[in-house]
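Read the structure below first, then the notes.
The values are calculated or read from the model by the stated rules, or taken from the named source; none is laboratory data. Just so we're clear, the structure is a prediction, and the values are computed from it rather than from any experiment. Every residue, glycine among them, receives a Cβ derived from its backbone with ideal geometry; neighbour counts consider all protein chains shown.
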Amino acid sequence: MKVSVVFYSHSGITKRVSEAIAEELSAITDWKVERLELKPVNEVGQGFGKYVWGGRQVFMKKKPELKPYRFDDGADLVILGTPVWAFSISPPIRSFLKEHKLEGKQVFCFYTCQGGPGKVAKQFREGIKGSGNKVEIKGFDQNQLSIEAFEAEARRWTQSIVERIES
Ligand SMILES: Cc1cc2nc3c(=O)[nH]c(=O)nc-3n(C[C@H](O)[C@H](O)[C@H](O)COP(=O)(O)O)c2cc1C
């Protein structure tokens, strides 16, 4: 089984969750696991302006150009992670989903946020229509769980994914 953990992370939280998922997969299976961090060519800055520029990209439904990356189209399982931006999936993930329809793959999605996931689940389902499979969406919400607890929760979720795939 080949797995690709694909994510975008602006300030590192989604990255931490992605790494916990990839590490847990490697620890409990012999599957081939790749991590793929998407990076836009023009990254939004870290100051307060990120809300303005990030929000603007979302409202304009931008699909920013991504730095070159290699996605293994042969992956059987794709785990896709995004931070929530303006109640939506982040623009780099929108770019990725435009480029990859994920047909025939098992797809699990997650987001990290601060209390307002908005339309993320709906957008993930719409963006991944091509997979032909039911898409599961998991939230890591800082209003419900501390960031410190995200990693343990990510490992539990990963275990449940593996159990379901192997049963
Ligand atoms: C531009 C921008 C917009 C955001 N919009 C939302 C939002 O609508 N709802 C929410 O719950 N959190 C929002 N957040 C907070 C992030 O989703 C949250 O901090 C996330 O965990 C950050 O993940 P990262 O560190 O991987 O970038 C926003 C953050 C940024 C930078």
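Checking each residue in segment 36-61 for being hydrophobic (A, V, I, L, M, F, W, C) and outside any loop (DSSP other than H, G, I, E, B) picks out L36, V52, W53, V58, F59. Any residue at all in segment 93-111 that's more than 16 Å from the ligand (Cβ to nearest atom), closer than 24 Å to K32 by Cα and of a type in the set (F, W, Y)? Yes: one or more hits.
So which of G45, G12, G49, G54 is closer than 25 Å to S146 by Cβ and modelled with pLDDT under 95?
Values: G45 fails: closer than 25 Å to S146 by Cβ; G12 fails: modelled with pLDDT under 95; G49 fails: closer than 25 Å to S146 by Cβ.
Answer to the check: G54.
The residue of segment 7-35 that is farthest from R94 (Cα to Cα), among those that are in a strand (DSSP E or B) and touching an Asp or Glu at 6+ places or on another chain (Cβ under 8 Å), is E34. Residues of segment 74-91 being near the ligand (Cβ under 8 Å from one of its atoms), among the hydrophobic types (A, V, I, L, M, F, W, C) and closer than 20 Å to W157 by Cα, which ones? Matches in segment 74-91: V84 only.
Residue check: E136 meets all listed conditions (1) closer than 18 Å to S18 by Cβ; (2) loosely packed, with under 14 Cβ neighbours inside 10 Å but one, namely (2). The set of residues in segment 20-34 that are among the polar types (S, T, N, Q) and touching a residue at least 40 places away in the same chain (Cβ under 8 Å) contains only T29.
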